[in-house]
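Following: one structure in structure tokens, then a few remarks.
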Amino acid sequence: MNRSIPKCFGSRRQFDLWREAAFRSTPGGSDYCTDCTAAYQQRMGRQGRCAYPGTTFAPDGDGFIEGNRPVAERVRLREAA
């Protein structure tokens with residue numbers, strides 16, 4: 001089965017490596033928009049590869065910058081809790 005990957009990843013291998021690292025660092029609690037950066041989002045936007053241009057970036061509870069996808073997008077994809 002050939003599942004699609006987010007357009008912001010350059011290859012299936014790149015996406016699989018990210019997923020493996022994300023799972024090891026925060027099992028079940030990470031997604032590619034959370035781990036994105038504002039600079040990467042802008043670059044992907046210019047290339048037409050950002051599916052969620054409404055993602056905003058702000059410090060999390062530990063002071064790290066975290067991407068926050070709009071709730072409407074998460075609800076549409078049934079990702080919101």
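Scanning for something among the aliphatic types (A, V, I, L, M), assigned to a helix (DSSP H, G or I), modelled with pLDDT of 85 or more and surrounded by 13 or more Cβ atoms within 10 Å (Cβ to Cβ), does the stretch 49-65 turn up at least one residue?
no
To keep it simple, each residue is scored yes or no on (1) surrounded by fewer than 14 Cβ atoms within 10 Å (Cβ to Cβ); (2) charged (D, E, K, R); (3) modelled with pLDDT of 90 or more.
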site: MET1; (1), (2), (3): yes, no, no
site: PHE15; (1), (2), (3): no, no, yes
site: GLY29; (1), (2), (3): yes, no, no
site: ASP35; (1), (2), (3): no, yes, no
site: GLN42; (1), (2), (3): yes, no, yes
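Considering only the stretch 6-61, state which residues are free of Cβ contacts under 8 Å to residues at least 24 places away in the same chain and among the basic types (Lys, Arg).
Once the filter is applied, which keeps residues that are free of Cβ contacts under 8 Å to residues at least 24 places away in the same chain and among the basic types (Lys, Arg), the stretch 6-61 yields ARG12, ARG13, ARG19, ARG24, ARG43, ARG46.
The values are calculated or read from the model by the stated rules, or taken from the named source; none is laboratory data. Just so we're clear, the structure is a prediction, and the values are computed from it rather than from any experiment. As a convention, Cβ positions derive from the backbone with ideal geometry for all residues, glycine included, and neighbour counts pool all protein chains shown.
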